[in-house]
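Trainee: The structure's right below; bear with me while I get my questions together.
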Amino acid sequence: MEKDINTVVGDPFEELTIDEMTKIQGNGTQSAQSTPVVESLAESFALSYAISRAFKHSK
């Protein structure tokens, strides 16, 4: 008993309407947000790097 694959899994993504694609993947209004921990680590690294460069060049 062979079944048509489209009846089992649905239409290929490329054949969906824009509205159907948007429902599946979202409409793209979300933006990435970083956490304070990531920002603190980046600031700490930058400060450490600047201090170490200043220390190396002062010798």
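Trainee: At 1.4 Å probe size, put F45, F55, F13 in order of accessible surface, largest to smallest.
Mentor: F45, F55, F13
Trainee: Near T17, within a Cβ-to-Cβ distance under 14 Å, what is the net charge of the other residues, with Lys and Arg +1 and Asp and Glu -1?
Mentor: Charge balance in the 14 Å sphere: -4.
Trainee: Follow-up question, since we're still on this one. Would you kindly state how much longer the chain becomes between I18 and V38 on full extension, computed as 0.36 nm times their sequence separation minus their alpha carbon distance, in nm to one decimal?
Mentor: 3.6 nm
Trainee: Modelled label-to-label distance, F45 and D4, 7 Å Cα→beta-carbon offset: nm?
Mentor: 5.3 nm
The values are calculated or read from the model by the stated rules, or taken from the named source; none is laboratory data. Remember, predicted model here, so these are calculated numbers, not experimental data. Backbone-built Cβ (ideal geometry, glycine too); neighbour counts: all protein chains shown. The protein model used for the area step is the full one, side chains on, heavy atoms only, and it has no ligands, DNA or RNA in it. Shrake-Rupley method; radii C 1.70, N 1.55, O 1.52, S 1.80 Å.
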